[in-house]
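Have a look at the structure below, then the notes.
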Amino acid sequence: GAVVSQHPSWVICKSGTSVKIECRSLDFQATTMFWYRQFPKQSLMLMATSNEGSKATYEQGVEKDKFLINHASLTLSTLTVTSAHPEDSSFYICSGRDYNYEQYFGPGTRLTVT
Amino acid sequence: GNSVTQMEGPVTLSEEAFLTINCTYTATGYPSLFWYVQYPGEGLQLLLKATKADDKGSNKGFEATYRKETTSFHLEKGSVQVSDSAVYFCALSPGGATNKLIFGTGTLLAVQP
């Protein structure tokens, strides 16, 4: 099946700093990528939907100025958590959708803000 | 609104036991329903899906039937293996161009030899 990678797999940063997470589709073109957030023992919550070359669409309650999403190419999307705080600590997962509308998920990135 | 409720885990079974993981949903319109599986250290993978009422999705010995009358999509397998140990997520897509997925909380399955 199609493969999506995320980098880094885990990151620790200090409060007030920014951190960037990359999501790459390795063997297919993803016209749409999705970013999810997962809290322990809770479901994946969709944060935003991004289409290549256009602005992301954020779900209600997600701060677009805090979670910057860029989808500059058909194989790369990035999520930047700006001015991170401990409450931003979470597991972030991306997925890419191919032309057949199948979603393929990355392995996730564990963010810890100290 | 749209939501998915699935049974809490962990579910611990012996090898060759019968598996059922319950999933019910609330949705407006006619959603598609999915089961995803996440093996340790890997991303979610689509296990099976059903796009309309009474459809049965099946894969790798797992089955689930889209029951509109009970708004359910329970996952079953007749004989589990140790290699089935993973987290299972039930999800729905309300439909439309965005293809959004709404997930349940996930159920950890542990199969013991």
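So the values come out like this:
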read-out	value
Sole residue being of a type in the set (K, R) and not in a strand (DSSP E or B), chosen from A:K20, A:K55	A:K55
Residue list for segment B:36-57, filter: farther than 17 Å from B:N2 by Cβ and either open to solvent by 50 Å² or more (accessible area, probe 1.4 Å) or outside any loop (DSSP other than H, G, I, E, B) (or both)	B:V37, B:Q38, B:P40, B:G41, B:E42, B:Q45, B:L46, B:L47, B:L48, B:D54, B:K56, B:G57
Unique residue being without any contact (Cβ under 8 Å) to a residue 40 or more places away in the chain and farther than 26 Å from A:L26 by Cα when the list is B:T28, B:T51, B:T20	B:T51
Count of segment B:1-35 residues which are β-branched (V, I, T) and either loosely packed, with under 14 Cβ neighbours inside 10 Å or under 16 Å from B:L109 (Cα atoms) (or both)	6
Extreme residue, nearest to A:L26 (Cα to Cα), among residues of segment A:89-114 that are open to solvent by 30 Å² or more (accessible area, probe 1.4 Å) and at the interface with another protein chain (Cβ under 10 Å from one of its Cβ atoms)	A:Y104
Selection count where residues are more than 11 Å from chain B (Cβ to nearest Cβ), of a type in the set (A, V, I, L, M, F, W, C) and within 26 Å of B:V87 (Cβ to Cβ), scope segment A:9-46	10
Residues of segment A:1-16 satisfying the condition of being over 13 Å from A:G106 (Cβ atoms) and open to solvent by less than 60 Å² (accessible area, probe 1.4 Å)	A:V11, A:C13, A:S15, A:G16
Selection within segment B:56-94 - under 22 Å from A:I93 (Cβ atoms) and within 14 Å of chain A (Cβ to nearest Cβ)	B:N59, B:A86, B:V87, B:Y88, B:F89, B:C90, B:A91, B:L92, B:S93, B:P94
Criterion: free of Cβ contacts under 8 Å to residues at least 12 places away in the same chain, small (G, A, S) and within 14 Å of chain A (Cβ to nearest Cβ) - qualifying residue of B:G43, B:G106	B:G43
Some residue of segment A:11-20 being out of contact with any Cys (no Cβ under 8 Å at 6 or more places or on another chain) and either of a type in the set (F, W, Y) or over 19 Å from A:T82 (Cβ atoms) (or both)	no
B:T12 in contact with an Asp or Glu (Cβ under 8 Å, 6 or more places away or on another chain) and either under 24 Å from A:Y92 (Cα atoms) or away from chain A (no Cβ under 14 Å) (or both)	no
Segment B:58-103, residues that are exposed (fewer than 15 other Cβ atoms within 10 Å of the Cβ), among the β-branched types (V, I, T) and free of Cβ contacts under 8 Å to residues at least 60 places away in the same chain	B:T70
Tally, over segment A:32-88, of residues that are open to solvent by 40 Å² or more (accessible area, probe 1.4 Å), hydroxyl-bearing (S, T, Y) and either in contact with a Leu (Cβ under 7 Å, 6 or more places away or on another chain) or free of Cβ contacts under 8 Å to residues at least 12 places away in the same chain (or both)	2
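Here is a yes/no grid of residues against (1) aliphatic (A, V, I, L, M); (2) part of a strand (DSSP E or B):
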position	(1), (2)
B:E69	no, no
B:E76	no, yes
B:S83	no, no
B:V87	yes, yes
B:A91	yes, yes
B:K100	no, no
B:L108	yes, yes
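The values are calculated or read from the model by the stated rules, or taken from the named source; none is laboratory data. Since the model is a prediction, treat every value here as computed from it, not as a measurement. Here Cβ is always computed from backbone atoms with ideal geometry, including for glycine, and neighbour counts include all displayed protein chains. Each accessible area value is taken on the protein alone, full model and side chains, heavy atoms only, with ligands, DNA and RNA left out. Shrake-Rupley method; radii C 1.70, N 1.55, O 1.52, S 1.80 Å.
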